[in-house]
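Colleague: One structure is given below, represented as structure tokens, and several questions about it will come after.
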Amino acid sequence: MKKLGFDYPSSPRKTFLYDLEEQWYVPLLAQKRNLSIEPIKRSNFGEYYMAVNYLTSVLEEAASINNLSVYNIDHMAQLRFTGKDAPALLDRALAGDMSAMKVGSCKYTLLLNEHGGVEDDMIVMRISETEYIAVINAGHDITDTVNGKELIADIDRIMSQKQNGEEVEAEDISTQLVKVDIQGPLSYKLVKSIYGEQVLKNRHNPEKNMNFFTFNEFDYNNAHYIISRTGYTNRWGWELYIPVANADEDFMKIVSQALEMGALLVGLGGRDENRLSAGPFGLPLMGQEYDPYHTPINAPLFEAAVDMDKPFFVGKAALEAELATNPQKALLMFFAEGIASNRKVFLNGKLLGTVTSSIVSPNLSLEQRLAIGSTRKNVNAEDGNAAIGLAWLYYNPFPKDETGKFISEKDGVPIRIPVQFYRVDEQNNPLGTPLLGYLTMEGVSPATASKPLKFIENL
């Protein structure tokens with residue numbers, strides 16, 4: 001099979017918008033906020049030089065989601081699959097039901113290996129009966145051997161499931177499109193002001209707004225665009241796929257207007273907080289909550305991403321075998337007095353699980369922070385903050401109702417289970433002083449992504 005993935009880069013890549021971030025956005029932000037110009041703090045993320053934050057702090061950028069946030073997401077790749085057998089191929093390769101998708105719809109799904117481990121998660125858009133576009137994570141476009149480790153790009157993993165005689169073509173179209181996400185209550189207003197209200201309407205009923213997890217295609221400034229009502233924040237918002245020829249001009253329009261509306265361009269740090277504070281359970285991230293060595297069973301999005309009723313998909317047999325054992329593991333959210341990365345979760349002195357992600361959040365209420373029981377001033381201050389995160393646990397310690405459903409509150413009051421976060425030795429014995437915190441199913445911010453746009457279209 002011909003390799004379609006890229007070679008491993010000799011140095012981390014730059015997004016299409018890299019130079020604009022450095023040469024245009026930073027001076028503009030410095031002028032508007034009366035800040036000193038400094039180099040953008042960057043990190044290698046998926047073999048891309050990505051901004052951790054800009055001149056504004058991670059906390060400031062994380063809080064912007066309550067108003068409006070803009071993200072340079074051009075490190076993510078887009079794969080196009082075309083041909084009459086594309087639905088059948090994707091059904092075998094991916095865990096979700098691709099054939100059942102309606103044209104104009106989006107679906108969140110997983111690419112698994114034969115052991116049921118997660119190789120990647122993605123959003124798939126059905127363009128027509130015979131065409132799909134899959135939006136994949138950074139770094140998952142590389143097929144190469146690096147330091148003895150074999151990397152296989154998503155496009156090659158998927159095409160490896162192609163059967164003899166099937167008519168399917170695959171292409172990485174990332175160089176043709178630049179991905180910019182616009183999220184938050186004022187996102188509707190911003191998109192409307194630049195591209196017009198019609199791009200936000202239901203393709204089947206133009207009198208109504210777009211439904212959640214659908215997309216539109218439209219022409220603007222002599223180029224073809226895609227806009228989807230999706231985003232990894234669980235708040236109202238859109239993901240915009242801008243043709244390369246218009247990307248510089250559009251990015252400057254979007255960000256300029258966003259700044260006038262009190263918004264910020266948000267880097268990796270703020271984006272990480274935004275996905276962890278997304279709704280009641282947070283959102284898992286590839287490489288953190290998901291990896292090739294563990295299955296996604298009992299993760300919050302498992303049922304949405306995996307269709308166990310399909311006759312076959314790569315990894316299904318492994319998932320069936322695990323499900324038959326009635327696995328008790330659970331991916332749950334926690335609040336803590338400090339960042340709990342590289343720590344284990346202990347309940348009543350016993351090991352309960354492992355922290356997979358943690359970051360300081362400005363979006364916790366004072367009441368939520370006081371419930372931690374910390375003595376730290378920053379936690380208990382009126383305008384303070386605390387850490388949030390996700391942890392894989394050996395079992396879910398929340399009580400169940402008579403139907404077996406986990407109970408998140410009692411008499412309208414959230415149930416919070418106190419835990420401690422310890423560093424451990426090689427035998428998982430706790431070391432040093434723990435961080436205090438609690439497990440919760442209340443979430444940080446209410447999920448608004450699926451709510452009708454009538455609540456925000458006139459903000």
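We did not get these values from a lab; they are worked out from the coordinates using the rules stated. This structure is a prediction, so every number in the text was calculated from the model and none was measured. Cβ sites come from the backbone with ideal geometry, for glycine too, and all protein chains shown count toward neighbours.
Colleague: State yes or no: is TYR225 in contact with a Phe, Trp or Tyr (Cβ under 9 Å, 6 or more places away or on another chain) and crowded, with 18+ Cβ neighbours inside 10 Å?
Modeller: yes
Colleague: Condition first: farther than 20 Å from GLU38 by Cα, out of contact with any strand residue (DSSP E or B) (no Cβ under 7 Å at 6 or more places or on another chain) and surrounded by fewer than 23 Cβ atoms within 10 Å (Cβ to Cβ). Now tell me which residues in region 48-74 satisfy that.
Modeller: Of everything in region 48-74, those that are farther than 20 Å from GLU38 by Cα, out of contact with any strand residue (DSSP E or B) (no Cβ under 7 Å at 6 or more places or on another chain) and surrounded by fewer than 23 Cβ atoms within 10 Å (Cβ to Cβ) turn out to be ALA63, ASN66, ASN67.
Colleague: Of the conditions (1) in a loop (DSSP other than H, G, I, E, B); (2) of a type in the set (A, V, I, L, M); (3) farther than 25 Å from ALA449 by Cα, ALA100 satisfies every one except a single condition; which number is it?
Modeller: Exception for ALA100: condition (3).
Colleague: To continue, here is another question. Does region 171-202 hold any residues that are within 28 Å of ASP291 (Cβ to Cβ), of a type in the set (A, V, I, L, M, F, W, C) and surrounded by fewer than 19 Cβ atoms within 10 Å (Cβ to Cβ), and which are they?
Modeller: Within region 171-202, ILE173 is the sole residue that qualifies.
Colleague: Right, here's the next one. Starting from region 369-384, take each residue that is loosely packed, with under 13 Cβ neighbours inside 10 Å and list its partners that are part of a loop (DSSP other than H, G, I, E, B) and not basic (Lys, Arg), counting only C-beta distances under 8 angstrom and pairs at least six apart or across chains.
Modeller: LYS377/GLY384
Colleague: While we're looking at this one, here's another question. Say whether the condition of being of a type in the set (A, V, I, L, M) and assigned to a strand (DSSP E or B) is met by at least one residue in region 156-166.
Modeller: Checking region 156-166: not a single residue is of a type in the set (A, V, I, L, M) and assigned to a strand (DSSP E or B).
Colleague: Another question about this same structure. Among the residues in region 338-360, are any charged (D, E, K, R), within 29 Å of ALA63 (Cα to Cα) and free of Cβ contacts under 8 Å to residues at least 12 places away in the same chain?
Modeller: Taking every residue of region 338-360 in turn, none turns out to be charged (D, E, K, R), within 29 Å of ALA63 (Cα to Cα) and free of Cβ contacts under 8 Å to residues at least 12 places away in the same chain.
Colleague: Within region 352-366, how many residues turn out to be assigned to a loop (DSSP other than H, G, I, E, B) and either more than 20 Å from the chain's Cα centre (by Cα) or not hydrophobic (A, V, I, L, M, F, W, C) (or both)?
Modeller: 3
Colleague: Quick check: is even one residue across region 143-151 buried (at least 18 other Cβ atoms within 10 Å of the Cβ) and closer than 22 Å to TYR241 by Cβ?
Modeller: Looking through region 143-151, none of the residues is buried (at least 18 other Cβ atoms within 10 Å of the Cβ) and closer than 22 Å to TYR241 by Cβ.
Colleague: Follow-up question, since we're still on this one. Select, from GLN198, GLN161, the only residue that is in contact (Cβ under 8 Å) with a residue 24 or more places away in the chain and more than 20 Å from PRO12 (Cβ to Cβ).
Modeller: Testing whether each residue is in contact (Cβ under 8 Å) with a residue 24 or more places away in the chain and more than 20 Å from PRO12 (Cβ to Cβ) leaves just GLN161.
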